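Notes follow the structure.
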Amino acid sequence: MTLMHKFLGAAAALALSAGMAAAEPALIFDLGGKFDKSFNEAAHNGAQRWAKETGGTYKELEMQSAAQRVQFARRMAESGANPIVVMGFQNMETLKEVAPEYPNTRFVLIDAVVEAPNVRSVIFTEHEGSYLVGMLAAMANKTGTISFVGGMDIPLITAFACGYAQGAKAVKPDIKVIVNYTGDTPAAWNDPVKGGEIAKAQISQGSDVVFAAAGGTGLGVLQAAADGGVLSIGVDSNQNYLHSGKVLTSMLKLVDNAVHQAFSDGPELETGVVLMNLAAGGVGYALDEHNAALVSDEMKAKAEEAKAAIIAGTISVHDYRTDSTCPAF
Amino acid sequence: MDFMTILQILDSTLRLATPLLFACLAGMFSERAGVFDIGLEGKMLAAAFLSGAVAAVTLNVWLGLLAGVAASLMMSGIHGIASITFRGNQLISGVAINFLAAGLTVLIGQHWFALGGRTPALLGGGRFETITLPGVEALSGVPYLGPLYAELISGHTILVYVALLCVPVSWWLLYRTRFGLRLRAVGENPAAVDTAGVSVVTLRFAAVMICGLLCGLAGAYLATGLSAGFVKDMTAGRGFIALAALIFAKWRPWQALGATLLFGLLEALSNRYQNIDLGGVVIPVQVMQALPYVLTVIILAGFVGKAIPPRAGGEPYVKER
């Protein structure tokens with residue numbers, strides 16, 4: 001065996017062992033993209049935090065079209081990544097198909113439930129978080145009308161709207177809540193022009209607090225609200241800083257914690273359903289220096305009181321997804 | 001529905017119709033000269049991106065506008081070279097421009113700003129401000145006319161007025177000037193124009209560049225007038241709606257204004273009224289949102305009558321030997 005062969009052999013062995021040891025975690029973003037300032041960006045931030053803390057590396061893929069869902073999940077599983085975090089409720093069908101094919105790989109699905117021995121399903125109680133921001137909106141409201149701009153018209157987004165309306169009506173029973181959606185296709189997550197026009201229409205109908213749960217479209221909503229001199233509410237990530245002093249609060253959905261947790265648990269993570277509710281710190285509302293002047297101590301006290309009551313179970317917020325009806329509409 | 005509601009819907013109509021109008025007129029110049037252009041969407045997108053990016057960096061919306069127009073002109077140049085100089089297929093070149101713009105904007109945006117293809121939100125001087133026309137105060141006391149003037153006619157960004165002004169200017173240019181006559185002739189019978197000693201290539205390039213200029217204005221309006229910054233794929237199919245409006249208008253400027261206002265009105269209505277309650281029967285929001293597209297099909301299939309495109313459209317001109 002020549003020296004060259006020895007080197008090549010050693011290099012190959014090294015590469016092989018490196019491949020074996022590095023069962024890297026992976027993250028597959030949903031449509032909307034890694035930097036949507038919202039849902040996917042929160043996941044990115046969680047993964048980045050894990051990478052910084054542990055010095056580890058991870059793989060990631062950004063989906064460009066719905067047709068790539070199954071293909072991307074398979075490609076990640078084939079590459080040996082473990083665990084694989086898959087973002088978005090629309091990947092429910094993806095994992096139903098792909099997860100049984102790779103029984104030794106652990107999948108984490110954010111926002112939907114798949115019953116499989118190797119899948120952890122993380123779901124958030126968005127209706128509870130929306131209830132709290134709905135209360136804050138009603139307390140900040142002066143005109144008697146508040147509004148909601150959703151992205152795609154789907155049950156998940158309606159659950160946001162429903163919780164928001166319930167919270168608002170808990171404070172002011174006769175308040176009017178206008179609910180609009182941007183569209184029925186994934187393009188609805190990325191149309192700030194249309195989002196802005198919908199917000200302007202709502203403002204002209206008297207709304208003075210606009211809650212946007214619409215991904216990139218929400219940026220247009222927040223802009224139109226700031227231009228129109230009314231308050232807005234951001235979603236998923238803390239968006240208070242986008243228009244300091246004009247965003248009342250943000251409905252937080254701490255996706256970053258879920259991703260961070262999954263990466264930290266590693267290839268042997270426990271599967272099953274993980275419920276990220278108010279008690280678990282999965283949802284909440286954002287307070288920082290940008291909205292300190294907008295949320296009074298009294299408003300905060302009332303919201304905290306309701307939060308404690310929801311955790312204790314004395315207030316139950318209806319989830320639209322359970323029976324497709326909403327008592328507050 | 002009270003008077004103010006109608007005004008607000010019409011106001012929104014005008015805002016939403018403006019990018020369509022620019023793009024529709026852009027397509028008209030290009031197609032009247034015999035160069036089909038399905039790359040309107042891509043040119044608008046490129047212009048929206050560069051105007052948003054430059055306005056965000058320089059905080060000067062006029063520099064942004066110039067940059068946007070330059071980006072669109074560059075795309076037009078590519079289209080012209082491919083389909084006029086090298087006599088390539090105009091449709092394929094247009095599709096290529098759409099893909100090129102969709103990819104390049106996100107790639108360059110990510111490289112420059114690291115915001116995932118988004119440009120930073122525009123502040124202050126980076127956006128077109130709305131203009132309050134003189135006389136709003138004086139008319140404010142007059143019933144109907146006062147609010148009509150204040151809401152609908154006044155209070156838009158300058159590009160809205162430019163777009164409206166482009167309609168008579170385009171009409172004059174196409175029908176009352178020598179250049180316009182030659183431009184229309186080159187789209188119908190380029191051999192005759194060539195026989196008369198006028199360069200077909202020059203005329204077609206001029207038309208494609210006018211198209212680029214107008215698409216640039218449309219894109220800049222989207223990013224710096226209607227919203228505050230560029231977001232990936234923000235044109236959201238408006239270039240194709242403009243093409244439909246162009247056929248609906250049978251390649252004529254005044255009719256283009258009417259067609260784009262109709263599409264703007266439909267979009268404004270679907271934004272405002274999402275669930276219409278007609279005494280027991282509720283029209284769901286999906287119907288309202290699909291309406292512009294359904295109507296496009298119906299209008300194009302039945303109501304326009306015969307829409308005859310310029311006869312030499314789509315064909316590269318080859319001199320007889």
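The values are calculated or read from the model by the stated rules, or taken from the named source; none is laboratory data. This structure is a prediction, so every number in the text was calculated from the model and none was measured. All Cβ positions, glycine included, derive from the backbone under ideal geometry; neighbour counts span all protein chains shown.
Things worth noting here:
- The set of residues from segment A:157-182 being among the aliphatic types (A, V, I, L, M) and in contact with a strand residue (DSSP E or B) (Cβ under 9 Å, 6 or more places away or on another chain) comprises A:I157, A:A161, A:A165, A:A168, A:I175, A:V177, A:I178, A:V179.
- One residue stands out in segment B:175-207 among those that are part of a loop (DSSP other than H, G, I, E, B) and of a type in the set (S, T, N, Q): the one that is modelled with the highest pLDDT, namely B:T177.
- Residue identified as more than 21 Å from the chain's Cα centre (by Cα) and aliphatic (A, V, I, L, M) among B:A191, B:A228: B:A191
- Here is the figure for segment A:138-162: residues that are within 21 Å of A:A303 (Cβ to Cβ) and of a type outside the set (A, V, I, L, M, F, W, C) total 6.
- Residue within segment B:229-247 that is assigned to a loop (DSSP other than H, G, I, E, B), more than 14 Å from every other protein chain (Cβ to nearest Cβ) and among the basic types (K, R) present: no
- Contacts under 8 angstrom Cβ, first residue in segment A:300-322 being farther than 27 Å from A:V113 by Cα, partner hydroxyl-bearing (S, T, Y) and outside any helix (DSSP H, G or I), 6 or more apart: A:A303/A:Y285
- Complete set of residues in segment A:43-77 that are over 12 Å from A:F263 (Cα atoms), in contact (Cβ under 8 Å) with a residue 12 or more places away in the chain and more than 13 Å from chain B (Cβ to nearest Cβ): A:L61, A:M63, A:A66, A:R69, A:V70, A:F72, A:A73, A:R74, A:R75, A:M76, A:A77
- All conditions in (1) under 30 Å from A:G220 (Cα atoms); (2) outside any helix (DSSP H, G or I) hold for B:W251, with the sole exception of (1).
- Failed condition for B:G216, given (1) under 12 Å from the mean Cα position of the chain (by Cα); (2) away from chain A (no Cβ under 13 Å); (3) of a type in the set (G, A, S); (4) surrounded by fewer than 24 Cβ atoms within 10 Å (Cβ to Cβ): (4)
- Some residue of segment A:243-258 being in contact (Cβ under 8 Å) with a residue 60 or more places away in the chain, surrounded by fewer than 24 Cβ atoms within 10 Å (Cβ to Cβ) and of a type in the set (G, A, S): no
- Condition met for A:V273 (β-branched (V, I, T) and in a strand (DSSP E or B)): yes
- Identity of the residue in segment B:23-46, within 14 Å of chain A (Cβ to nearest Cβ) and touching a Leu at 6+ places or on another chain (Cβ under 8 Å), that ends up farthest from B:A236 (Cα to Cα): B:A23
- For segment B:89-141, the set of residues classified as free of Cβ contacts under 8 Å to residues at least 40 places away in the same chain and within 14 Å of chain A (Cβ to nearest Cβ) consists of B:G103, B:L107, B:Q110, B:H111, B:A114, B:L115, B:E129, B:T130, listed by residue number.
- Looking across segment B:270-298 at every residue that is away from chain A (no Cβ under 14 Å) and surrounded by fewer than 17 Cβ atoms within 10 Å (Cβ to Cβ), the one that is modelled with the highest pLDDT is identified as B:I298.
- One residue alone among B:F205, B:F179, B:F230 is over 16 Å from B:I84 (Cα atoms), out of contact with any strand residue (DSSP E or B) (no Cβ under 7 Å at 6 or more places or on another chain) and touching a residue at least 60 places away in the same chain (Cβ under 8 Å), and that residue is B:F230.
- The residues in segment A:39-74 that are in a helix (DSSP H, G or I), of a type in the set (D, E, K, R) and modelled with pLDDT of 90 or more can be counted, and the count is 5.
- Residues that are crowded, with 21+ Cβ neighbours inside 10 Å and either within 14 Å of chain A (Cβ to nearest Cβ) or modelled with pLDDT under 85 (or both) within segment B:249-269 comprise B:F263, B:G264, B:L266, B:E267, B:A268, listed in sequence order.
- Filter pass, B:A312 being more than 14 Å from chain A (Cβ to nearest Cβ), in contact with a Ser or Thr (Cβ under 7 Å, 6 or more places away or on another chain) and either assigned to a helix (DSSP H, G or I) or more than 28 Å from A:G196 (Cβ to Cβ) (or both): no
- Filtered by the rule that a residue be hydroxyl-bearing (S, T, Y) and either touching a Phe, Trp or Tyr at 6+ places or on another chain (Cβ under 7 Å) or more than 30 Å from A:Y164 (Cα to Cα) (or both), segment A:95-130 gives A:Y102, A:T105, A:S130.
- Filtered residues of segment A:181-214 (kept if more than 10 Å from every other protein chain (Cβ to nearest Cβ), small (G, A, S) and crowded, with 24+ Cβ neighbours inside 10 Å): A:S207, A:A212, A:A213, A:A214
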